[in-house]
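Working notes, structure below.
The values are calculated or read from the model by the stated rules, or taken from the named source; none is laboratory data. Keep in mind that this is a model prediction, so the values were computed, not measured. Virtual Cβ from ideal backbone geometry, glycine too; neighbours counted across all protein chains shown.
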Amino acid sequence: GFPVFPVSALHGRGFDDLMTEVLKELPPQIEILSDGEADEKDCLKVAVAGRPNVGKSSFINKLLRAERVLVSDEPGTTRDSIDVPFSVEGRKYILIDTAGARREGRIASAIDRYSRYRMEESIERADVVVLMLDASRGLGLLDKQLAGQISEAGKGCVIIVNKWDLSEVTEREFSSELAYQMKFMSYCPIIFMSAKTGMNVNHALVAIEYVATQCNATLPTGLLNRVLSQAYNSISVPIKGGRPLKMYYATQVGYNPIRVRIFVNDTRRLPGHYSQFLVNTLRKEFGLEGAVVRLQFRARTRDSGKKKTASRSKKR
Ligand SMILES: Nc1nc2c(ncn2[C@@H]2O[C@H](COP(=O)(O)OP(=O)(O)OP(=O)(O)O)[C@@H](O)[C@H]2O)c(=O)[nH]1
Ligand SMILES: [Mg+2]
């Protein structure tokens with residue numbers, strides 16, 4: 001497997017170190033598997049989503065160095081989701097090629113609706129989703145809708161900007177446009193790629209693997225509570241009706257998406273921006289690039305919060 005590297009901050013150095021380390025070992029041994037050789041449970045499932053014609057199928061072919069799925073100039077070439085199982089040095093993957101969702105609403109044809117439904121289903125099934133964008137065209141409404149769908153589904157995400165060979169802007173320029181248009185996806189790594197020339201195609205797989213590990217990160221309870229209480233003390237606390245928000249205790253309750261439960265005095269004292277501030281704090285400390293982080297607030301008095309968690313941990 002890939003070695004694990006600590007990450008310091010958003011899009012931090014850890015990521016580059018990981019890339020450098022893994023790339024030393026490339027090109028990896030890629031083996032295409034038959035359906036029978038790929039049990040879903042043992043595979044990392046990766047849906048490749050994006051508008052028609054962005055190069056989803058081309059990416060898969062380039063990665064596998066084989067004409068495994070159909071590619072053409074014609075938007076709408078892929079009509080249905082297709083599973084493509086393969087392994088890299090023993091690690092198994094299922095790439096899910098999807099049909100680019102075209103239209104929504106009344107003007108959508110039956111085929112459009114079916115494609116969209118199948119793409120949504122593929123996103124639900126996946127562990128990690130690639131959101132593929134087209135460097136030769138601007139960001140569109142469809143890209144944003146899709147991004148929203150991926151984050152709502154709670155899926156880890158890597159943004160791949162394909163057709164970089166045609167780009168007329170710099171990486172920095174594209175990134176800042178992306179940050180402006182899709183601020184809510186700013187936690188995702190971005191890979192600039194060309195499925196045509198092969199540039200960064202292997203990087204993309206490393207990024208996918210990396211995000212998969214981030215989605216399954218463990219936030220040790222002690223550290224988690226230290227980090228959150230530092231955050232609590234670092235900015236002014238929300239006050240409503242003369243009484244401030246109090247935070248008692250936090251614990252991780254789930255993976256992929258990462259779910260953290262926080263016991264507070266009163267959930268009504270929580271403005272949305274405060275919750276976002278806490279998520280940003282967790283990202284700064286733990287990395288969690290590409291992973292969706294959800295906070296669940298529970299109202300407790302100081303004592304009942306403690307008792308409850310104490311009895312729960314005894315049971316295990
Ligand atoms: N210049 C350039 N062309 C590319 C690149 N990747 C794909 N293409 C071309 O873009 C067109 C569409 O590629 P596909 O891989 O079929 O795109 P898709 O996203 O699978 O499209 P649908 O299946 O219709 O949703 C083809 O003509 C490809 O040759 C790239 O990196 N650079
Ligand atoms: Mg296709």
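Structure data summary
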read-out: Enumeration of residues in segment 98-108 that are at pLDDT 85 or above and more than 7 Å from ligand 1 (Cβ to nearest atom); value: 98
read-out: Test result for residue 194, small (Gly, Ala, Ser) and crowded, with 19+ Cβ neighbours inside 10 Å; value: yes
read-out: Test for residue 31: is it assigned to a strand (DSSP E or B) and either modelled with pLDDT under 65 or of a type in the set (Asp, Glu) (or both); value: yes
read-out: Residue that is part of a helix (DSSP H, G or I), surrounded by fewer than 19 Cβ atoms within 10 Å (Cβ to Cβ) and away from ligand 2 (no atom under 16 Å from the Cβ), where the choices are 175, 236; value: 175
read-out: Selection within segment 49-79 - of a type in the set (Asp, Glu) and either part of a helix (DSSP H, G or I) or more than 10 Å from ligand 2 (Cβ to nearest atom) (or both); value: 67, 73
read-out: Residue in segment 101-108 that is touching a strand residue (DSSP E or B) at 6+ places or on another chain (Cβ under 9 Å), within 11 Å of ligand 2 (Cβ to nearest atom) and not in a helix (DSSP H, G or I) present; value: no
read-out: Selected residue (only one of 58, 72 is near ligand 1 (Cβ under 9 Å from one of its atoms) and either on the phi > 0 side of the Ramachandran plot or touching a residue at least 12 places away in the same chain (Cβ under 8 Å) (or both)); value: 58
read-out: Out of 143, 83, 127, 42, sole residue that is away from ligand 2 (no atom under 11 Å from the Cβ) and either crowded, with 21+ Cβ neighbours inside 10 Å or over 23 Å from residue 256 (Cβ atoms) (or both); value: 143
read-out: Cβ pairs under 8 Å, 6+ apart, first in segment 271-291 and charged (D, E, K, R), second part of a helix (DSSP H, G or I); value: 285/223; 285/227; 289/15; 289/210; 289/211; 289/214; 289/283
read-out: Residue check for residue 87: closer than 27 Å to residue 197 by Cα and of a type outside the set (A, V, I, L, M, F, W, C); value: yes
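A quick yes/no check of all residues on (1) modelled with pLDDT of 95 or more; (2) not aromatic (Phe, Trp, Tyr):
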residue	(1), (2)
183	no, yes
192	yes, no
196	yes, yes
202	no, yes
211	yes, yes
214	yes, yes
217	yes, yes
223	yes, yes
